[in-house]
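Here's the structure we're looking at; comments come further down.
Derivation of every value follows stated rules applied to the coordinates shown; laboratory data play no part. Just so it is clear, the structure is predicted and the values come from calculations on it, not from any experiment. Positions of Cβ are generated from backbone atoms using ideal geometry, with glycine treated the same way; all protein chains shown enter the neighbour counts.
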Amino acid sequence: MDRIIADRYQIIKPLGKKPGRKTYLAKELKTSKLVVIKLLIFDEDLDWQDFKLFEREANTLKNLSHPSIPSYLDSFELELPEGKSFAIVQSYIDALSLEEYVTEKRTFSEIETIELARSLLEILVYLHSRQPPVIHRDIKPSNILLKPRPGYGMGRVYLVDFGSVQTIAATTGGTITIVGTYGYMPPEQFGGKAFVNSDLYSLGATLIYLMAGKHPADLPQEKLRIKFESILENEISPSFRSWLKRMTEPSLEKRFKSASEARDSLDRVLEISELTSDRSVKKSVSISRDERAIDILISGRENNGKQILDLGYFWFFSASLAGVCFLSSASLGTGAVIAGIIWILIASLSLGYVFKLLYLSSVRVKIKIDRDYFRVTKKLFGLTFYRRRLFTNAISKLVMTKAEPKNLESQFSKKVLKMPKTRAKEMLKIWVGKYTFELNTKMYLRDNIKPKNILFSNLDRSELNWLTYELSDWLDLPITRK
């Protein structure tokens with residue numbers, strides 16, 4: 001095809017066609033660069049709303065500058081045999097769409113899907129942070145391009161086709177316009193409304209399509225929720241499943257509030273992805289679950305053994321040195337006595353910490369939740385010393401919080417006790433009626449190990465995240481982060 005338009009662009013081939021619209025691959029004659037030309041034809045069937053959307057697309061692209069979004073190059077009016085037309089010229093991206101990959105029977109693993117999701121969320125963070133925020137409104141597999149990168153990773157991901165774009169400023173007043181694609185549209189878009197987290201629903205539905213190989217509209221639904229869990233039961237980890245459920249929440253209030261919040265949550269899924277895919281590396285936590293109940297068994301035996309040994313050596317050295325100081329105090333004077341007292345204090349503190357670690361190494365915590373009861377049992381050296389049973393329907397919240405260590409304690413742990421670098425303690429609080437039960441990632445010297453509310457301390461961060469996502473998924477309860 002050698003047709004030339006606007007004396008600048010030579011048409012190479014058509015890329016798509018819709019009523020009143022045509023898209024071409026073309027070459028700019030002056031630079032020989034490939035471009036994409038989108039044409040809107042002014043014929044008798046043209047809806048004025050179509051022109052407004054087309055004009056909005058051009059104005060939006062003019063103000064965007066992102067490596068994963070096509071660049072605006074030009075726009076103009078022209079006369080064609082079909083009639084008067086308006087053209088938008090943008091950069092060409094030589095890549096297949098995700099729709100084409102799936103059509104060619106390409107399958108995407110969980111890790112690949114997570115990598116795609118994170119790249120797309122970065123694009124949405126950019127769009128939604130514009131002033132006013134830019135909402136794409138038509139995220140779907142055919143509007144996402146993937147250009148493989150030789151050597152490693154999934155490659156570069158692109159978001160294209162801003163023909164349905166809307167800014168928050170454009171949502172006030174005027175005619176309600178329903179745009180989007182059935183199956184990928186959140187419920188609110190059927191009412192002509194769109195918010196920044198509307199794009200998150202569409203992205204979540206797209207990711208489900210990639211893994212399931214089925215259009216979201218062809219999957220079972222319950223109360224407007226896409227029921228993808230049974231289809232992907234063996235291909236998806238509980239943490240990613242819980243994340244996808246939050247992305248595709250029909251309720252705006254229960255969905256992630258922003259792309260940055262969804263991205264940060266996905267980063268936590270990535271942190272435990274290796275752990276959730278290989279059960280053999282879990283040190284302290286084992287989980288079994290079915291539709292009727294979830295059983296969690298926690299034992300810190302492997303986590304604390306090396307710390308006990310290191311602190312045991314330190315305590316022995318401290319006590320021995322203190323003894324030498326006292327034995328020689330008569331001849332060395334009061335300075336040795338003071339030194340001995342200091343070493344005894346340090347040794348006592350160390351010994352107390354060893355006792356706590358011994359406790360954590362021997363205690364076993366069992367949490368069993370079925371449709372009726374929430375049960376907690378704690379055993380030490382095989383003997384039950386704590387038991388609690390509450391109603392499952394009293395579980396109201398799963399709250400993840402952080403507690404920063406005190407500077408003095410952090411320096412003492414690092415320099416004197418030779419402990420690993422202290423980081424903020426992460427805690428999961430399970431709210432059951434008026435009770436709260438706590439699991440956390442770090443035991444500090446000041447921590448109380450009484451059984452009234454602390455179920456277990458010193459979990460690995462990845463173990464705590466995995467356990468939290470399992471509980472959230474089984475209880476169908478969102479995770480609140482503070």
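Numbers at a glance
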read-out: Distant-in-sequence amide H partners of K397 (H built 1.01 Å from N, under 5 Å); value: W431
read-out: Measure of compaction for region 4-91 (Cα Rg per 2.2 N^0.38 Å); value: 1.06
read-out: Long-range HN-HN contacts of I454 with modeled amide H, under 5 Å; value: E438
read-out: Cβ-Cβ FRET estimate between L270 and L224, R0 fixed at 35 Å, reported to 0.05; value: 0.75
read-out: C-alpha center-to-center spacing [region 26-79, region 217-265] in angstrom; value: 34
read-out: Nearest-20 debye value, region 4-91 charge dipole, Cβ charges on Lys, Arg, Asp, Glu; value: 500
read-out: Estimated inter-spin distance, S129 and K147, nm [label 7 Å along Cα→Cβ]; value: 2.2
read-out: Region 14-31 - phi-based ³J(HN,Hα) in whole Hz, Karplus 6.51/-1.76/1.60, Gly and Pro as x; value: x, 10, x, 8, 9, x, x, 9, 9, 10, 10, 8, 9, 10, 6, 5, 6, 10
read-out: Estimated vicinal HN-Hα couplings, Hz - region 243-257 in sequence order (Karplus 6.51, -1.76, 1.60; Gly, Pro = x); value: 5, 5, 4, 5, 5, 9, 4, x, 7, 4, 5, 8, 6, 3, 6
read-out: Point-charge dipole on Cβ atoms (K/R +1, D/E -1) for region 44-101, about Cα centre, debye to 20; value: 400
read-out: Highest to lowest packing among 249-255, 196-202, 185-191, scored as the average C-beta count within 10 Å; value: 196-202, 185-191, 249-255
read-out: Restraint check, K18/K38; K366/K429; K223/K368; K227/K366; K368/K429, Cα-Cα greater than 20 Å; value: K223/K368; K227/K366
read-out: For region 365-381, Karplus couplings with θ = phi - 60° (6.51, -1.76, 1.60), whole Hz, Gly/Pro x; value: 10, 10, 10, 10, 10, 10, 5, 10, 10, 9, 10, 10, 10, 10, 10, 10, 6
read-out: Subset of K140/K257; K245/K402; K17/K193; K22/K140 violating a 23 Å alpha-carbon distance limit; value: K245/K402; K17/K193
